[in-house]
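The values are calculated or read from the model by the stated rules, or taken from the named source; none is laboratory data. These numbers were taken from a predicted model, which means no experiment stands behind them. Here the Cβ positions follow ideal geometry from the backbone for every residue, glycine too, while neighbour counts run over all protein chains shown.
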Amino acid sequence: MRLLVTGGAGFIGANFVRLTLSHRPDVSVTVLDLLTYAGNTASLPEDPRVTLVKGDIADAEMVDALVREADAVVHFAAESHNDNSLDDPWPFVHTNLVGTFQLLEAARRHRVRFHHVSTDEVYGDLPLEGGERFTPDTPYNPSSPYSSTKAGSDLMVRAWVRSFGLEATISNCSNNYGPFQHVEKFIPRQITNLIDGVRPKLYGAGLNVRDWIHVDDHNRAVWTILESGRIGETYLIGADGEVDNRTVIETILELTGHEPTDYDHVADRPGHDLRYAIDATRLREELGWEPVYPDFRAGLAATIDWYRAHEAWWRPQKLETELRYQRLGR
Ligand code: NAD
Ligand code: DAU
């Protein structure tokens with residue numbers, strides 16, 4: 001099987017490639033990645049079954065040639081960071097909307113199976129109280145330029161299924177954590193700050209809740225959907241990992257031997273979504289998926305160890321990232 005993995009040099013895509021190599025001896029992978037600030041060739045293993053093509057998913061000609069050669073496309077490539085989308089939305093429109101459009105057109109022309117990787121943020125946010133969770137029937141209500149462009153890309157996939165018979169599935173996953181995540185994101189930012197002797201930074205009061213899932217559990221679900229999902233269907237991926245941001249920071253501080261109060265509050269993110277929570281019943285009951293990393297605290301401890309052991313991987317991103325945050329006042 002020949003798989004085209006877009007965004008395979010990013011956090012989740014690179015972990016997907018690694019999982020694929022170790023579990024699927026029958027699969028070869030072509031990674032299409034623009035190697036933006038978020039893409040890192042050092043995240044990819046050197047392996048004869050992996051070919052890296054540097055290119056833009058919005059480049060129609062290149063995309064056509066690569067999709068034509070593939071048995072399936074798994075589409076991870078995106079501009080993925082909310083804070084950046086508030087600073088400059090255009091790259092989000094270009095990659096998440098125009099890029100997805102070009103991929104869909106190529107998959108339609110060559111009748112190639114397509115899996116679209118998306119986010120729970122397309123549903124907006126939930127109240128802090130009440131226990132409500134997102135389901136595949138929750139209306140779309142995105143808050144940020146990032147989530148609105150992901151919502152638009154999801155809707156295009158649905159339209160291409162209905163109008164053109166494209167063989168596509170969609171997954172909407174909650175917040176991932178694990179190795180190879182860029183240091184701009186919440187958990188690696190705080191871990192690497194502490195390694196550098198800098199106090200962690202909590203947006204606002206830190207009551208916002210995210211539904212954390214280990215990246216390998218996300219990627220195992222993507223494989224499950226690719227192989228057994230119903231065409232045209234949307235699957236929500238989550239592992240019942242709701243934790244508020246303040247607790248995440250306190251846990252990181254505790255696991256690294258600091259006082260749980262050794263952090264600073266900084267300016268809140270504009271339009272900051274309050275709470276995400278996933279009801280993954282369809283994925284669990286229809287496709288039999290279960291997380292293998294249900295213990296967030298244990299996963300967090302392993303992630304801290306990974307960043308301690310892989311400074312050479314993250315160090316080149318750190319200064320530039322913190323300078324960008326300084327400019328944003330966060
Ligand atoms: P990431 O930012 O770490 O990686 C994105 C990758 O896409 C990078 O390698 C980058 O170089 C590449 N890329 C960006 N623009 C491109 C373009 N125009 N052409 C080709 N490649 C391009 O992102 P991530 O966290 O790994 O997220 C991957 C996907 O999963 C995204 O679609 C995101 O919306 C979705 N998702 C992420 C999370 C999460 O918690 N990180 C949760 C749910 C869904
Ligand atoms: O829900 C899935 C989404 O999760 C994905 O679609 C996105 O691609 C991914 O980036 C993530 O979005 P968030 O905005 O939730 O993740 P982020 O890591 O940026 O922030 C997590 C929470 O932590 C959020 O409430 C903001 C807060 N935060 C973030 C940073 C960087 C802080 O309090 N301090 C920080 O320094």
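Quick one: would you say Gly197 is near ligand 2 (Cβ under 9 Å from one of its atoms) and either in a loop (DSSP other than H, G, I, E, B) or touching a Cys at 6+ places or on another chain (Cβ under 7 Å) (or both)? Show your work before the answer.
On the way: near ligand 2 (Cβ under 9 Å from one of its atoms): no; either in a loop (DSSP other than H, G, I, E, B) or touching a Cys at 6+ places or on another chain (Cβ under 7 Å) (or both): yes.
When the stated conditions are applied, Gly197 does not pass them.
Identify all residues within the range 100-123 that are under 13 Å from Asp64 (Cβ atoms), surrounded by 24 or more Cβ atoms within 10 Å (Cβ to Cβ) and within 11 Å of ligand 1 (Cβ to nearest atom); write none if there are none.
Correct list: Leu103 only.
Listed here are the residues, each with its yes/no results for (1) away from ligand 2 (no atom under 14 Å from the Cβ); (2) exposed (fewer than 15 other Cβ atoms within 10 Å of the Cβ); (3) modelled with pLDDT under 95.
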residue	(1), (2), (3)
Ser228	yes, yes, no
Asp240	yes, no, no
Val243	no, no, no
Ile249	no, no, no
Ala298	yes, yes, no
Tyr307	yes, no, no
Ala312	yes, yes, no
Pro316	yes, yes, no
Glu320	yes, yes, no
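This table checks each residue for (1) farther than 29 Å from Ala267 by Cβ; (2) within 16 Å of ligand 1 (Cβ to nearest atom).
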{"position": "Lys185", "(1), (2)": "no, yes"}
{"position": "Arg210", "(1), (2)": "no, yes"}
{"position": "Ile213", "(1), (2)": "no, yes"}
{"position": "His218", "(1), (2)": "yes, yes"}
{"position": "Ser228", "(1), (2)": "yes, no"}
{"position": "Tyr235", "(1), (2)": "yes, yes"}
{"position": "Asp240", "(1), (2)": "yes, yes"}
{"position": "Val243", "(1), (2)": "no, yes"}
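Counting only residues that are surrounded by fewer than 17 Cβ atoms within 10 Å (Cβ to Cβ) and assigned to a strand (DSSP E or B), how many does the range 124-137 have?
0
Where in the range 271-330 are the helices (runs of 4 or more DSSP H), entirely inside, with at least 3 residues that are under 25 Å from Arg246 (Cα atoms)?
Here the list reads 296-309, 311-328.
Six or more apart or on different chains, Cβ atoms under 7 Å: show the pairs whose first residue is in the range 131-148 and hydrophobic (A, V, I, L, M, F, W, C) and whose second is away from ligand 2 (no atom under 13 Å from the Cβ) and at pLDDT 95 or above.
Phe134/Asp279
Considering only residues that are under 17 Å from Ile170 (Cα atoms) and more than 11 Å from ligand 2 (Cβ to nearest atom), which ones fall in the range 216-226?
Within the range 216-226, Asp217, Asn219, Arg220, Ala221, Val222, Trp223, Thr224, Ile225, Leu226 qualify.
So which residues in the range 228-259 are assigned to a helix (DSSP H, G or I) and within 27 Å of Pro139 (Cα to Cα)?
First pass over the range 228-259, keeping only residues assigned to a helix (DSSP H, G or I): 228, 245-255.
Selection gives Ser228, Asn245.
Taking the criterion of being within 15 Å of ligand 1 (Cβ to nearest atom) and within 16 Å of the chain's Cα centre (by Cα), would at least one residue in the range 152-168 satisfy it?
Here is the first cut: in the range 152-168, the residues within 15 Å of ligand 1 (Cβ to nearest atom) are 152-157, 168.
From the residues that got through so far, the ones that are within 16 Å of the chain's Cα centre (by Cα) too are 153-154.
The answer is yes; a qualifying residue exists.
At least 2 residues that are away from ligand 2 (no atom under 16 Å from the Cβ), more than 21 Å from Trp314 (Cβ to Cβ) and without any contact (Cβ under 8 Å) to a residue 40 or more places away in the chain in each: list the strands (runs of 3 or more DSSP E) lying fully within the range 1-111 that qualify.
It comes to 28-33, 50-54.
Only one of (1) out of contact with any Gly (no Cβ under 6 Å at 6 or more places or on another chain); (2) over 14 Å from Ile191 (Cα atoms); (3) surrounded by 13 or more Cβ atoms within 10 Å (Cβ to Cβ) fails for Asp262. Which number is that?
It fails just one condition, (2).
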